[in-house]
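Working notes for the structure below.
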Amino acid sequence: MPAGFRLPVARLCVAVAGVCFLCTYDAYAEDPDACWLMPGLNYRFSEKRYGFLQAGWNPALRLGLVYGNFIIRPRPALDINIGSMYIDYLNREGREWTLMNGFTARIPAGPFVVENRGLVWNRFISNGNDLHFYRNRVRLMWPLKTTWHLTPYLVDEPSFSFNRGDIARNRLGGGFIVTINKRVVVDASYARQSDKVSGKLNLFFVMVTAQLPHQEH
């Protein structure tokens with residue numbers, strides 16, 4: 001894309017995404033809202049090994065979490081992750097440890113990138129039955145070479161329940177990633193969640209990740 005068109009196209013994408021969001025959200029405004037605030041730290045051990053630590057807080061649902069992830073990158077377009085998450089239900093007695101292991105593949109498609117993340121999510125619950133899912137998140141991403149490297153995206157994430165043998169949850173929405181500088185990345189998104197147990201929910205995510213300095217060997 002010619003340099004002179006990058007900023008106008010980026011602004012147009014943000015404007016169109018904003019209008020679509022307002023129109024979509026207005027249709028579901030009567031359903032409950034919840035927002036995840038999720039700061040994180042990322043550290044690169046080597047060209048093929050990464051560590052990731054993230055905290056999360058959802059005031060509306062009164063949920064807190066801590067998520068740790070170790071990533072192996074055998075190829076530039078493929079990640080294999082080994083992760084664990086601790087969730088604390090602050091509005092009732094209950095905690096759970098979860099294992100979230102899987103892969104992320106990135107496939108170029110012209111100016112777009114199709115990112116597919118598959119996770120086997122095992123939830124070990126202290127005061128209830130354990131739950132086991134397969135979560136498959138697909139994001140259609142459009143990297144724009146603007147000053148802040150803006151990447152708008154659309155996302156769909158169904159979750160298959162091994163316990164029940166059906167699609168127990170789906171999240172459909174969109175967002176954008178902004179690389180502010182070499183150390184800070186912001187990922188903000190909205191997803192319409194449909195869950196067979198908890199019903200409909202308007203979910204917002206604000207993730208700010210800091211890249212820790214890496215010493216070259």
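Quick look at the numbers
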{"quantity": "Test: residue in the stretch 127-139 that is among the hydrophobic types (A, V, I, L, M, F, W, C) and under 18 Å from GLY110 (Cα atoms)", "calculated": "yes"}
{"quantity": "Candidate set: the stretch 175-194, residues that are of a type in the set (Ser, Thr, Tyr) and more than 17 Å from GLU115 (Cα to Cα); chosen: the one least open to solvent (accessible area, probe 1.4 Å)", "calculated": "TYR190"}
{"quantity": "Cross-chain or 6+ apart pairs with Cβ under 8 Å, the stretch 164-189 first and under 16 Å from ASN42 (Cα atoms) and basic (Lys, Arg), then in a strand (DSSP E or B) and modelled with pLDDT of 95 or more", "calculated": "ARG183/ALA210"}
{"quantity": "The stretch 160-174 - residue that is aliphatic (A, V, I, L, M) and closer than 19 Å to ARG123 by Cα and, of those, least open to solvent (accessible area, probe 1.4 Å)", "calculated": "ALA168"}
{"quantity": "Residue satisfying all of: in the stretch 182-207; over 19 Å from the mean Cα position of the chain (by Cα) and not in a strand (DSSP E or B); nearest to ASP33 (Cα to Cα) among these", "calculated": "SER198"}
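The values are calculated or read from the model by the stated rules, or taken from the named source; none is laboratory data. Only a predicted model underlies this, so the values are computations on that prediction, with no experimental measurement involved. Cβ: placed from backbone, ideal geometry, glycine included. Neighbour counts: every protein chain shown. Areas reflect the complete protein model, heavy atoms only, side chains present, ligands, DNA and RNA absent. Shrake-Rupley method; radii C 1.70, N 1.55, O 1.52, S 1.80 Å.
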